[in-house]
Amino acid sequence: MSEELIAKYPSLKKAFEAGDDYVECDDGREAKVMEYIYSHPELDKMRGNPERILEVMDEFSGQKDLLISVGFQKKPILRDLITTEKPSVGVELGGYLGYSAILFADQMRRNAAANPEKSPLPRLWSLEANPVYAAFVMSVVDLAGLGDIVKVVTGPAEASLRRLHQSGELQHVDFLFLDHNEKLYKADLRVCEELGIVGGGSVVVADNCGRPGAPDYREYVRALSRFETRAIPCFITPGDLADEIDVTRVLAKE
């Protein structure tokens, strides 16, 4: 890793020096980034300003401690997908600190505003198993002024999906984002298929398919003719082009 890269992103030094022993989350940095946001000198400028909140989270990740949020290098890829697909209903499995919820909801709102006569108010369901992280998501979503679009649901993904479907609140998903435990990607996608909320026309986007990887999921979406899948190479950290985002379009039932 170059000295120039570390000088630009000091948080990389800790990760580089720790090597395989590096802890990337659940070590208190999540609370620290919330403190960083709410003690920031530009807090007032962040209110109702989704893009500025994401910039401050990226600032923390680059200067203080790396965050396993989507991050600034994947941000344009995912924003372009939302812009192109124009989902009315989105679901993310794994809310973490609210980065992707803010990114998606902001662009979904922009899409709707561009065609208000035909576009209903979009809905993004952010499903997060960890109640502390779910509270963080709620907090930053409120700060961004996106509470009318984002609904945070706390609990394991499968149980939350089944409950939302049974209640009638979730009948179809245009855009499903998988960003929780990679070992659950395949199982949770199959739950969505079983419930009928993912079907023809849905787009499923899976993060971290390159590293740490989701081999069972990748095999599944490439084995069936109803799925059309492509991989987008991307950075997992600055300077490390080792990850891939899988984009799968659901064509029809076999």
Along the dipole axis of the range 101-244 (charges at Cβ: +1 for Lys and Arg, -1 for Asp and Glu; origin at the Cα centre), the most positive-end residue among V137, V191, C234 is V191
Sequence-distant or interchain residues sharing an amide H contact under 5 Å with N208, placed H: which? E244
Estimated vicinal HN-Hα couplings, Hz - the range 242-252 in sequence order (Karplus 6.51, -1.76, 1.60; Gly, Pro = x): 10, 10, 9, 9, 8, 10, 10, 9, 8, 7, 5
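State whether the range 28-87 is rounded, prolate or oblate according to the following rule on the C-alpha gyration tensor (a ≥ b ≥ c being the square roots of its eigenvalues): a/c under 1.5 gives rounded; otherwise a/b larger than b/c gives prolate, and the remaining case gives oblate.
Verdict is oblate for the range 28-87.
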Using the Kirkwood formula on the Cα atoms of the chain, what hydrodynamic radius do you get, in angstrom to one decimal? 18.7 Å
For the range 199-206, Karplus-derived ³J(HN,Hα) couplings (6.51, -1.76, 1.60; θ = phi - 60°; whole Hz; x for glycine and proline) come out as x, x, x, 6, 10, 10, 10, 10
I'd like the orientation of helix 157-166 relative to the chain: the angle between its Cα long axis and the longest Cα principal axis, in ° from 0 to 90, rounded to 10. 40 degrees
Distance in nm between pseudo-label sites at L251 and A135 (7 Å out along the Cβ direction from Cα): 4.8 nm
Using a cut-off of under 18 Å, list every residue of the range 121-154 whose amide N is near the label point 7 Å from the Cα of E59 along the Cα-to-beta-carbon line. 140-141, 143-145
Mind counting lysine pairs for me in the chain? Cα separation below 19 Å, and the two need to be 8 or more apart along the chain or on different chains. 13
Using the Cα centre of the chain as the reference point, and only Cβ charges (+1 on K/R, -1 on D/E), how large is the resulting charge dipole? Debye, rounded to the nearest 20. 780 debye
Using a 1.4 angstrom probe, figure out how much accessible area the range 82-214 has per residue, in square angstrom, rounded to the nearest whole. 40 Å²
Applying the gyration tensor rule to the Cα atoms of the range 4-43 (axes a ≥ b ≥ c; rounded if a/c under 1.5, else prolate if a/b exceeds b/c, else oblate), the class is oblate
Separation of alpha-carbon centers, the range 11-73 and the range 102-176, rounded to whole Å: 22 Å
Projected area, mean over directions - the range 105-214, Cα convex hull, nm²: 7.7 nm²
Just from its helices, what would the mean residue ellipticity at 222 nm be for the chain, if runs of 4 or more DSSP H residues each count -39500 (n - 2.57) and the sum is divided by every residue, rounded to the nearest 500 deg cm²/dmol? -13000 deg cm²/dmol
Can you tell me how much longer the chain between A113 and E42 gets when fully stretched, taken as 0.36 nm per residue apart minus their C-alpha distance, in nm with one decimal? 22.9 nm
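The values are calculated or read from the model by the stated rules, or taken from the named source; none is laboratory data. Small disclaimer: the values here were computed from a predicted structure and weren't measured. All Cβ positions, even for glycine, are placed from backbone atoms using ideal geometry, and neighbour counts span all protein chains on display. Side chains are part of the model used for accessible areas, which takes the heavy atoms of the whole protein and leaves out ligands, DNA and RNA. Shrake-Rupley method; radii C 1.70, N 1.55, O 1.52, S 1.80 Å.
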